[in-house]
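A short worksheet on the structure shown next.
The values are calculated or read from the model by the stated rules, or taken from the named source; none is laboratory data. Computed from a predicted model, the values in this text were never measured in an experiment. Because the Cβ atoms are built from the backbone with ideal geometry, glycine has one as well, and the counts that use them run over all protein chains shown. For accessibility, only protein heavy atoms count, side chains too; no ligands or nucleic acids. Shrake-Rupley method; radii C 1.70, N 1.55, O 1.52, S 1.80 Å.
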Amino acid sequence: MDKTLKNLIILSQLLFAIFGSWFIYEYSKIHQPQRTFSVIGEGKESVIPNIAEIRIGVITEGNDLKNLQQENSDKMNKIINFLKSRGINEEDIKTENYSITPKYDYKFSPYRIVGYTISQNLVVKIRDLTKIGDILQGAVQNGANNVSGPNFTIDEPEVYLEKAREKAILDAKEKAEKIAKVAGFKLGKIVSINEYSMAQPIPLYLKSLGIGGETEAPPQIEPGSQEIKVQVNITFEIK
């Protein structure tokens, strides 16, 4: 074999061996299992609700459907006018449902309609919480006979959620730094973040309900406070 050709073959084999070793090394680096650890951080924001939502309904029963519809409409219009007189904005008064249900006498065949039940309900947002008791009492005095609530909510809850999230992330980072210091390793980049958010139930305090006719005083209602909680599970790379 020609000496030059022999040297080329040996050089090619050597280069192939070097390239193969480099490829295996780089491949193992890329596919080496990543060392990670996870911590859970928690952030809380305590907020006093600033909106109360109540449901006000009128249920009327009778035999003459036309007169019954007029009676129901008159009562509901009176309630709506009362709400507006107490400073409730029109956009905060929404009709939730209106239904007419026939009542049957099953002694006859076929069944006969012997009357009707009309139900109409409003969803009302109260932004001045000091008016809740007065509005509940006044709605009943103006014809409402189906009232529920209040359910307390927060205007722009995302603002408080963001604050709780920031606290949760800082809490997780502080925990991770302490763990790394004690365990003797350095923190790498964040690999993943998972978030869990929740709002704790709002306590509702009633001194007197005041529904069902004339009352000595409107019900006294306190909104309590709502706790917005965020938990984050952050996974860090171990250097």
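Between Lys94, Lys44, the distinction of being closer than 29 Å to Lys125 by Cβ, assigned to a strand (DSSP E or B) and open to solvent by less than 90 Å² (accessible area, probe 1.4 Å) belongs to Lys44 only.
Of the residues Ser192, Ser148, the single one that is assigned to a strand (DSSP E or B), in contact with a Ser or Thr (Cβ under 8 Å, 6 or more places away or on another chain), hydroxyl-bearing (Ser, Thr, Tyr) and modelled with pLDDT of 90 or more is Ser192. List every residue pair whose Cβ atoms sit under 9 Å apart, with the two residues 6 or more apart in sequence or on different chains, where the first one lies in the stretch 179-190 and is of a type in the set (D, E, K, R) and the second, anywhere, is open to solvent by less than 70 Å² (accessible area, probe 1.4 Å). Taking only residues 6 or more apart or on different chains, the pairs are Lys186/Ala180; Lys186/Ile238; Lys189/Phe236; Lys189/Glu237. Considering the conditions (1) closer than 30 Å to Asp171 by Cα; (2) open to solvent by 20 Å² or more (accessible area, probe 1.4 Å); (3) assigned to a loop (DSSP other than H, G, I, E, B), Phe108 is excluded by exactly one of them, (1). Going through (1) at pLDDT below 95; (2) open to solvent by 70 Å² or more (accessible area, probe 1.4 Å); (3) in a helix (DSSP H, G or I) one by one, Asn81 falls short only on (1).
Restricting the stretch 111-140 to residues that are under 22 Å from the mean Cα position of the chain (by Cα) and basic (Lys, Arg) leaves a set whose member that is least open to solvent (accessible area, probe 1.4 Å) is Lys125.
Pairs meeting the criteria (first residue in the stretch 64-83 and touching a residue at least 60 places away in the same chain (Cβ under 8 Å), second residue assigned to a helix (DSSP H, G or I) and open to solvent by less than 80 Å² (accessible area, probe 1.4 Å), beta carbons under 9 Å, at least 6 apart or on different chains) are Ile79/Gly138; Ile79/Ala139; Phe82/Ile135; Phe82/Gly138; Phe82/Ala139. Checked against (1) in contact with a strand residue (DSSP E or B) (Cβ under 8 Å, 6 or more places away or on another chain); (2) among the charged types (D, E, K, R); (3) outside any strand (DSSP E or B), Lys103 passes all but condition (3).
Within the stretch 117-132, the set of residues being farther than 16 Å from Ile51 by Cβ and either at pLDDT below 95 or in contact with a Phe, Trp or Tyr (Cβ under 7 Å, 6 or more places away or on another chain) (or both) comprises Gln120 only. Look at the stretch 118-140: where a residue is closer than 15 Å to Glu90 by Cβ and a partner is of a type in the set (Ser, Thr, Tyr), sitting 6+ places away or on another chain with Cβ atoms under 7 Å, you get Leu122/Thr95.
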